[in-house]
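What follows is a single structure, written as structure tokens, with notes after it.
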Amino acid sequence: MPHFHIEYSANLETAVDFSALCNIIRLAAIETGVFPLAGVRVRATPCPHFSIADGAAHHGFIDISIRLRAGRPAAAKKSATKAVFAAAEKFIAPIMARQPIALSLEMRDIDPDLSPKTGTIRNFLTPEAK
């Protein structure tokens, strides 16, 4: 695993292609070499209720959360954080130039003893992708 969760203010629904952003983040994560292909999961969830800064309705936010199993070296996590954020920032930059958006990202470790996992995705990947 890692799980990439994009939470965003619902007022950005028409301004941002969140399916494309999910794909950009997926590709950036894979390119880091830090995360196993079969474990990468990216999803986006709108937040219909929010209040930002001075309360102006046109303010928006995009918050990217990365959860991954503990054990990776700090340098690898820092490098991956920078790469994923840079990809998201590049994708969002043209939109941020037109409207106020706060973009943030946080990576945090999950305690593997408290997070059981199972799945069959690896069984369905091509040998080259494994």
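We did not get these values from a lab; they are worked out from the coordinates using the rules stated. Note that the structure is a prediction, hence the values are computed from the model and not measured. With ideal geometry, Cβ positions are generated from the backbone for all residues, glycine too; neighbour counts draw on all protein chains shown.
How much length is gained on full extension from ASP63 to SER51, taking 0.36 nm per residue of separation minus their Cα-Cα distance?
Values: separation 12, 0.36 × 12 = 4.32 nm, distance 1.41 nm.
Result for the pair: 2.9 nm of gain on full extension.
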> In a GNM of the chain with a 10 Å cut-off on Cα contacts, which of THR14, THR120, THR81 has the highest mean-square fluctuation?
Replying inline: THR120
> What aspartates and glutamates could a cross-link reach from LYS82, if we take a straight Cα to Cα line under 14 Å and drop same-chain neighbours fewer than 8 places away?
Replying inline: GLU31, GLU106
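Dividing the convex hull volume of the Cα atoms of the chain by its residue count, what figure in Å³ per residue is obtained? Walk me through the numbers before you get to the answer.
Details: hull volume 17.1 nm³, N = 130.
Convex hull volume per residue, Cα atoms: 131 Å³.
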> When the helix-only estimate is applied to the chain (DSSP H runs of n ≥ 4, each -39,500 (n - 2.57), divided by the residue count), what is the mean residue ellipticity at 222 nm, nearest 500 deg cm²/dmol?
Replying inline: -10500 deg cm²/dmol
> How do 113-119, 27-33 rank on mean C-beta neighbours within 10 Å, highest first?
Replying inline: 27-33, 113-119
> In 5 Å bins starting at 0, how do the alpha-carbon pair distances of segment 1-63 split up by percent?
Replying inline: 4, 17, 26, 18, 13, 11, 7, 3, 1
>> For PHE61, what residues show an amide H to amide H distance below 5 Å, using hydrogens built from the backbone and excluding near sequence neighbours?
In response: SER9, ALA102
> How far is helix 18-32 tilted, in degrees, relative to the longest principal axis of the Cα atoms in the chain, given as a value from 0 to 90 rounded to the nearest 10?
Replying inline: 40 degrees
>> If I stretch the segment between HIS3 and THR32 completely, what's the gain in nm (0.36 nm per residue apart, minus their alpha carbon distance), one decimal?
In response: 9.0 nm
> For segment 108-123, list residues with backbone N below 16 Å from a point placed 7 Å from the Cα of LYS78 toward its Cβ?
Replying inline: 108
> In segment 1-91, what % of DSSP beta bridges are antiparallel (nearest 5)?
Replying inline: 50 percent
